[in-house]
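Worksheet: the structure to be examined is printed underneath.
The values are calculated or read from the model by the stated rules, or taken from the named source; none is laboratory data. As the structure is a computational prediction, the values presented were derived from the model and not from experiment. Here Cβ is always computed from backbone atoms with ideal geometry, including for glycine, and neighbour counts include all displayed protein chains.
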Amino acid sequence: MPPPTSRSADWLAEAGAVFVKEWRCELRTRYALNTLALFAFTTLVVASAGLGPLGASAAVGTPVLPVLLWLILLFAAAAGLPRSFVQEEETHTATALRLAATPSALFCGKLAYGATLMVALEALVAPLFLAMMQLDVAAPGLFVATLLGGGYGLAAANTLIAAMIAQARGRSTLFAVLAFPVTLPLLLLVVELTRNAVAGEPSGGALTQLLLYDATVTVASLMLFPVVWNP
Amino acid sequence: MPGTSLRFTGLRRRFGRLAVLEGVSGAVAEGEALLVTGPNGSGKSTLLRCLAGLLAPDAGTVELTEEGRLLDPAGRRRSVGYVAPDLAFYEELTAGENLAFFSRLRGAPPARGQDLLARLGLPAERQAGALSSGMRQRLRWVWALLHRPRLLLLDEPFQNLDAGGEAAARALLAEHLAAGGLAVVANPSPLELGRAAPNLALG
């Protein structure tokens, strides 16, 4: 039996290989990048034109604009992230993956790809959103922490749900049905945290709850994934 | 490859009301190739998917033993070498990049993939999406042998191969069997496979 350190190194090498493969394929096709960026940019322009500095007063903007920001991120993520597993099934590469990859390493590699894709999306959308809405953030540290924690949570939830729906018919409907209960608590948390960051108020226990949500989804995903991935 | 054997007993698999496999049994010992024949739709591919652990049978057992140790379905999936028409690779990546990726997943040395590519005459730098059907079949062979599996599951293994490709693939199969490996080969028509176990006819 190989020593535990060797198995850990093998597992990390597998997860790393999946992560690198995902980005290499993405950079050659730019499917998810283009989908996410186009969706985010379109909704940003619409929101800016309708509710921008001329349409939303400071009193209205602080409670309303964080909701808009997270709706943009939610739907952009939903448009691009589920492709990760669905494409494996549609192009029949899933068979080779099932035979070659350790399920947990595969999931973590895909999750790392989804999380970095979300960070890239947030790095593009958040500054543009703040500038176009002329929204000042009083607590930038909390704002960035919320973006990172919320982005990771969205990536983890979307990756797991994508794996669950990949082999099913009626994927779009199923995705919406499954995503609603999983992402609702996350969205309520990140909207509250973003409002706090904009107003400069303390986060209270919400940041801890966000981290707990991320940890819970990750652990649940690692437990569920082998079951939904394999026959 | 001592202590390796495959035995499957009473395999049954239905898709809805359609019974594809019904009480299928067989066994393969070291150095043997079991040829599974039958017309289209007789369940050859379904049988191989059950043996690989890609499909759970409704009833029956599959016992793959390596070094005297019985593998569970997850271990079976990681262990077998599988060539089948439904096996595809990342079209955005080259053949070499695909193999490098799967070598890392399989824990196989990169030199193994390069050696197999050379033996099957496959250009490593060609994008998988630009490969002809025969070249894709060669890539499936390379992929299946990357991790030196003890059991090869081959579904129409010489499909689309030209004479040179088929000769190279047959040579690799012969080496595998000579080293004590096992193979289950599914084909619509009989094939000459050297030292073979009794054939299994489906349908």
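Here are some residues: B:Ala56, B:Ala84. Which one is surrounded by fewer than 19 Cβ atoms within 10 Å (Cβ to Cβ) and within 11 Å of chain A (Cβ to nearest Cβ)? Step through it out loud before you land on a result.
Numbers: B:Ala84 fails: surrounded by fewer than 19 Cβ atoms within 10 Å (Cβ to Cβ).
Among B:Ala56, B:Ala84, only B:Ala56 is surrounded by fewer than 19 Cβ atoms within 10 Å (Cβ to Cβ) and within 11 Å of chain A (Cβ to nearest Cβ).
Checking the condition in contact with a strand residue (DSSP E or B) (Cβ under 8 Å, 6 or more places away or on another chain), under 28 Å from B:Glu175 (Cβ atoms), within 14 Å of another protein chain (Cβ to nearest Cβ) and modelled with pLDDT of 95 or more, which residue from B:Leu51, B:Leu47, B:Leu71, B:Leu99 passes? Let's see the steps before the verdict.
Working: B:Leu47 fails: within 14 Å of another protein chain (Cβ to nearest Cβ); B:Leu71 fails: modelled with pLDDT of 95 or more; B:Leu99 fails: in contact with a strand residue (DSSP E or B) (Cβ under 8 Å, 6 or more places away or on another chain).
Every option except B:Leu51 fails the conditions.
For the structure I just gave you, tell me whether B:Thr65 is within 22 Å of B:Leu177 (Cβ to Cβ) and either assigned to a strand (DSSP E or B) or away from chain A (no Cβ under 14 Å) (or both).
Yes, satisfied.
Please indicate, with yes or no, whether at least one residue in segment B:126-139 is within 28 Å of B:Leu47 (Cβ to Cβ) and within 8 Å of another protein chain (Cβ to nearest Cβ).
Scanning segment B:126-139, I find no residue that is within 28 Å of B:Leu47 (Cβ to Cβ) and within 8 Å of another protein chain (Cβ to nearest Cβ), so the answer is no.
Looking at segment A:185-204 only, could you name the residues that are hydrophobic (A, V, I, L, M, F, W, C) and under 16 Å from A:Leu130 (Cβ atoms)?
Listed by number, the residues that qualify are A:Val190, A:Val191, A:Leu193, A:Ala197, A:Val198, A:Ala199.
Only one residue in B:Leu161, B:Leu200, B:Leu153 is within 18 Å of B:Ala27 (Cα to Cα), crowded, with 18+ Cβ neighbours inside 10 Å and under 16 Å from the mean Cα position of the chain (by Cα), so which one is that?
One residue alone meets the criteria, B:Leu153.
Considering only segment A:32-46, state which residues are under 16 Å from the mean Cα position of the chain (by Cα) and either away from chain B (no Cβ under 14 Å) or surrounded by fewer than 19 Cβ atoms within 10 Å (Cβ to Cβ) (or both).
A:Leu33, A:Asn34, A:Thr35, A:Leu36, A:Ala37, A:Phe39, A:Ala40 - these are the residues of segment A:32-46 that are under 16 Å from the mean Cα position of the chain (by Cα) and either away from chain B (no Cβ under 14 Å) or surrounded by fewer than 19 Cβ atoms within 10 Å (Cβ to Cβ) (or both).
Being more than 10 Å from chain B (Cβ to nearest Cβ) and aliphatic (A, V, I, L, M) is the filter here, so list the residues in segment A:72-97 that pass it.
Selection gives A:Ile72, A:Leu73, A:Leu74, A:Ala76, A:Ala77, A:Ala78, A:Ala79, A:Leu81, A:Val86.
Does at least one position in segment B:28-47 carry a residue that is over 20 Å from B:Leu202 (Cβ atoms), in a helix (DSSP H, G or I) and under 17 Å from the mean Cα position of the chain (by Cα)? Steps first, please.
Taking segment B:28-47 first, the residues over 20 Å from B:Leu202 (Cβ atoms) are B:29-31.
After this cut, where a residue has to be in a helix (DSSP H, G or I) as well, the list is none.
No, because not a single residue in segment B:28-47 is over 20 Å from B:Leu202 (Cβ atoms), in a helix (DSSP H, G or I) and under 17 Å from the mean Cα position of the chain (by Cα).
Going by the conditions given, is A:Phe129 more than 11 Å from the chain's Cα centre (by Cα) and closer than 30 Å to B:Pro85 by Cα?
Criteria not met by A:Phe129.
Being in contact (Cβ under 8 Å) with a residue 24 or more places away in the chain and either closer than 16 Å to A:Thr102 by Cβ or not β-branched (Val, Ile, Thr) (or both) is the filter here; which residues of segment A:22-40 pass it?
A:Glu22, A:Trp23, A:Glu26, A:Tyr31, A:Ala32, A:Leu33, A:Leu36, A:Ala37, A:Phe39, A:Ala40
Among the candidates A:Leu154, A:Leu188, A:Leu160, A:Leu184, which residue alone is more than 14 Å from chain B (Cβ to nearest Cβ), buried (at least 21 other Cβ atoms within 10 Å of the Cβ) and under 25 Å from A:Gly50 (Cβ atoms)?
Testing whether each residue is more than 14 Å from chain B (Cβ to nearest Cβ), buried (at least 21 other Cβ atoms within 10 Å of the Cβ) and under 25 Å from A:Gly50 (Cβ atoms) leaves just A:Leu154.
To keep it simple, each residue is scored yes or no on (1) under 26 Å from A:Trp11 (Cα atoms); (2) of a type in the set (D, E, K, R).
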| residue | (1), (2) |
| --- | --- |
| B:Leu99 | yes, no |
| B:Ser103 | yes, no |
| B:Arg106 | yes, yes |
| B:Pro109 | yes, no |
| B:Leu116 | yes, no |
| B:Leu120 | no, no |
| B:Arg126 | no, yes |
| B:Ser132 | no, no |
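Give me a count of the residues in segment A:195-231 that are within 23 Å of A:Cys108 (Cα to Cα) and either outside any helix (DSSP H, G or I) or among the β-branched types (Val, Ile, Thr) (or both).
9
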